[in-house]
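First up is the structure itself, then whatever we jot down about it.
The values are calculated or read from the model by the stated rules, or taken from the named source; none is laboratory data. Just so you know, these numbers come straight off a predicted model, no measurement behind them. Every residue, glycine as well, gets a Cβ built from its backbone with ideal geometry; the counts of neighbours run over all protein chains shown.
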């Protein structure tokens, strides 16, 4: 064809040259139309000629070619076979030719050497010998497959076994073909793919490792092409989001799983990433279908693909465990702080060179009495340390430097602003810093104020206990004259007399019963019967008193107390107790009883004396109702004597007579009570009642002496315990004294005031105040003495008796001087406390 | 006292004055006060009882014949002091003192002060009743006299000065002529004045007029009476 074009071009140019030759220069403008048909005809003719020439040349070349081919074909065939053989032999591929039964017909040398055989060792043998035992069935199958459809090639990968037993991976390409003699052979080309297989395995392994790593680290990876919207998730990503790996991942899925509270934030992050096409990183929670919550941390890089699109590649990590751990940590930190606070233990770390705290827990500040929220300087902290303890504290960091390490325990005191002292026990040890030096001291401050106080209390309690033990031993010895022990049969088994009283009892009491020692069993059988019953019941007894004789024969009184004692099994072993010689006490009691009796008699005498002094008043007190009775009687007769007897008036008169008679007998009863020599009878009384009774007796005396009486009696006074008559006597005495003291008074109203009240100590207080002559200082001291009197008549025993009566009642009598003229006699009696039995 | 006869008991009742009589009782003792009041009421006397002298002084007392039964010893103002007080107030109530323990000086003092009686307890009730009746009677009489004098006085005051002068001279026993000379008037004029005096004074006769002149204190003018 090329030649055609070339010749055509040549023709055209030759014609053009011819035409140029024949024609005058016309500036190549075909404006001479009469030349155009000539040129055109020439052109067509030359083209046709060119074509014909080309046709002839091609036909000739073809003929020549065919002749040459025919010549070459014989040599060529020979050459080709040789070359194929060459290829067959030296091809880096192993070729096997096997028949349908698997017998090797031919093998190239590579194939044989690869397997460690020479071709002759393989040809004529079954090909199966180079396969692993377990693969031989498969090989047979493959052969059959190939022979079924001739010409169809099959490929498989299989292991072959070398002569030396080693294994190599091959890929076999087999195809059955029929040879000229119609024999069916299978051509097998084997390629050694051991390396590739190894790479493949390594790849697979690394993929598996990656998957495993993702699984273990709970990190899934993802890819997201913004342009196509295509999303790729790793297996772990599916697992994290808990989607079926078959699901087609989309950003929507992420949002679906996102915790509702975080959804907006996630959406925002994704939107922003899409908009700005930048890296993003965020944490959010998932709310999974089963209701559980997962914390995720996702990181993505925006990358540009070759096509210029943005693609996000990232990793999403399940940080739930980390989050929980973090929470756990935070909680345990809080617990620690709380524990420090509760145990009053603060921890700290001190830089020994820079002389400052590296760290100190809030509790340290609190221990020093500072608010942990406020910054505190070292100096301020130091100022709170007890000055005596400060050197010891400051010595510790120095020792760390000197001794290069060490463990320290020391106590010191903190002076709190309110003046209290807090005791701290500190434990510290030096730690090695990164540069290998001991520069830091780590320790704890523990508040041991309570423990310290407790220890002090304990020590004090122990000391007290020791002291009290000694005291009780002393008591037992001083409070008793001897200690005794009796056996189960109540006979004395042990007897220890203290030295001070040695020898009171007759010797040889051991082995005797108590009733054999005593000398009053016959005199007081009931007392002893009761005592015997107590012993038989094995009950403790206290203050049992009996009479016995000393070794010198004199009679003594013994007071004894005892308690039963038992062995570990609860068997009764006897009694233990103490006894005391109480003869002096008994004698004193008897003497006191005598004294009381004498006092009571004296009180009676003075009472009668007082009554004697009041005779006029008393007579009046009796005359008054008697006169009234007479008048009413007369009146009654008068009412009855009327022409029409007035019965209702008469009845009324008789009623008044009865009333007046009762009044008269009441007066007589009171006077008799005062005059009577009766036993002292202690009963609960209201002092105001007694005052009223006294007033009834002395009213006439007051009137006749022109004395006005004022009473200021406190309501609801507590009861006192006393003898009615004796207390009446005291008050009468005080009132009569007051009246008498006012006799000389002419210039002012004579007023007597009786006040009752409860004093600040809770006792019942009664005061009789007159505005009489008063008492001079000297007399005030002597006024209570017996036989002291300022009167011409009288024994001078009144106040003395009053005082002893009140003292017998547990009270006291005293004089108080008035602001105004006169004197106040007052007494206080203890409140009667109801005995709870 | 129980042995007293009925007749003697009736005595006071029988003697009961026609006009109302009032007894004041002062005693600080309630039953005593009550029994005395009862006794007086039983014989038909009106009674007003007080617990103290002050109570009586504060009370408005009815203007009737009365007497006062008073205990000498009283809280506050005593019986004797009350007597003085009443005298100051010109209340001339007859007083009967009763006392549980009378002594001579006190009795004397009481009597000097105008007490009508002084009874010492225990006294017989009849004694007291008698004393009360006597005292009220005396008071009544005193009052009647005072009342009559007051009436004469008011009549006397209705007379003109000339008439009073005439009456003084007439009751002095002078004759009309002597009076006319004394006053420098005509005898006939004196006669007219005398008639007027007789009429105004309600005198029926000269003797009547002379009796009237005495309580009016006109008589002392007579030298014979002085």
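Here are the numbers:
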quantity: The range B:59-79: number of residues that are over 22 Å from residue B:35 (Cβ atoms) and away from chain A (no Cβ under 12 Å); calculated: 6
quantity: Selection from the range A:151-170 of residues that are part of a loop (DSSP other than H, G, I, E, B) and surrounded by 13 or more Cβ atoms within 10 Å (Cβ to Cβ); calculated: A:162, A:163
quantity: Residue within the range B:119-134 that is more than 14 Å from every other protein chain (Cβ to nearest Cβ), modelled with pLDDT of 85 or more and either surrounded by 13 or more Cβ atoms within 10 Å (Cβ to Cβ) or not in a helix (DSSP H, G or I) (or both) present; calculated: yes
quantity: Residue that is in contact with a helix residue (DSSP H, G or I) (Cβ under 9 Å, 6 or more places away or on another chain) and exposed (fewer than 13 other Cβ atoms within 10 Å of the Cβ), where the choices are A:554, A:617; calculated: A:554
quantity: Residues satisfying the stated conditions in the range A:264-296, i.e. without any contact (Cβ under 8 Å) to a residue 12 or more places away in the chain and either within 37 Å of the chain's Cα centre (by Cα) or surrounded by 14 or more Cβ atoms within 10 Å (Cβ to Cβ) (or both); calculated: A:290, A:291, A:292
quantity: Looking only at the range A:110-146, and only at residues there that are part of a loop (DSSP other than H, G, I, E, B) and at negative phi, the one that is surrounded by the most Cβ atoms within 10 Å (Cβ to Cβ); calculated: A:115
quantity: Matching residues in the range B:60-82 - criterion: being crowded, with 19+ Cβ neighbours inside 10 Å and within 26 Å of residue B:44 (Cα to Cα); calculated: B:65, B:66, B:67, B:68, B:69, B:70, B:71, B:72, B:79
quantity: Residue match in the range B:8-20 (condition: touching a strand residue (DSSP E or B) at 6+ places or on another chain (Cβ under 9 Å) and modelled with pLDDT of 85 or more); calculated: no
quantity: From the options A:658, A:668, residue that is surrounded by fewer than 17 Cβ atoms within 10 Å (Cβ to Cβ) and within 12 Å of chain B (Cβ to nearest Cβ); calculated: A:658
quantity: Residue satisfying all of: in the range A:622-647; assigned to a helix (DSSP H, G or I) and more than 10 Å from chain B (Cβ to nearest Cβ); surrounded by the most Cβ atoms within 10 Å (Cβ to Cβ) among these; calculated: A:622
quantity: Failed item in (1) buried (at least 20 other Cβ atoms within 10 Å of the Cβ); (2) in contact with a helix residue (DSSP H, G or I) (Cβ under 9 Å, 6 or more places away or on another chain), with residue A:579 passing the rest; calculated: (2)
quantity: Yes/no for residue B:175 being closer than 23 Å to residue B:36 by Cα, away from every other protein chain (no Cβ under 14 Å) and free of Cβ contacts under 8 Å to residues at least 12 places away in the same chain; calculated: no
quantity: Single match in B:53, B:65 (criterion: over 21 Å from the mean Cα position of the chain (by Cα) and modelled with pLDDT of 85 or more); calculated: B:53
quantity: Considering residues of the range B:90-108 that are outside any loop (DSSP other than H, G, I, E, B) and surrounded by fewer than 14 Cβ atoms within 10 Å (Cβ to Cβ) only, the residue farthest from the other protein chains (Cβ to nearest Cβ); calculated: B:108
quantity: Residues being more than 7 Å from chain A (Cβ to nearest Cβ), within 19 Å of residue A:700 (Cα to Cα) and modelled with pLDDT under 90 - total across the range B:29-47; calculated: 1
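For (1) surrounded by 12 or more Cβ atoms within 10 Å (Cβ to Cβ); (2) in contact with a strand residue (DSSP E or B) (Cβ under 6 Å, 6 or more places away or on another chain), each residue gets a yes or a no:
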residue: A:436; (1), (2): no, no
residue: A:440; (1), (2): yes, yes
residue: A:445; (1), (2): yes, yes
residue: A:451; (1), (2): yes, no
residue: A:456; (1), (2): no, no
residue: A:465; (1), (2): no, no
residue: A:468; (1), (2): yes, no
residue: A:474; (1), (2): no, no
residue: A:483; (1), (2): yes, yes
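Okay, residues lined up against (1) in contact with a helix residue (DSSP H, G or I) (Cβ under 6 Å, 6 or more places away or on another chain); (2) within 30 Å of residue A:162 (Cβ to Cβ); (3) assigned to a helix (DSSP H, G or I):
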{"site": "A:34", "(1), (2), (3)": "no, no, no"}
{"site": "A:50", "(1), (2), (3)": "yes, no, yes"}
{"site": "A:54", "(1), (2), (3)": "yes, no, yes"}
{"site": "A:59", "(1), (2), (3)": "no, no, yes"}
{"site": "A:63", "(1), (2), (3)": "no, no, yes"}
{"site": "A:67", "(1), (2), (3)": "no, no, yes"}
{"site": "A:81", "(1), (2), (3)": "no, no, yes"}
{"site": "A:84", "(1), (2), (3)": "no, yes, yes"}
{"site": "A:106", "(1), (2), (3)": "no, yes, no"}
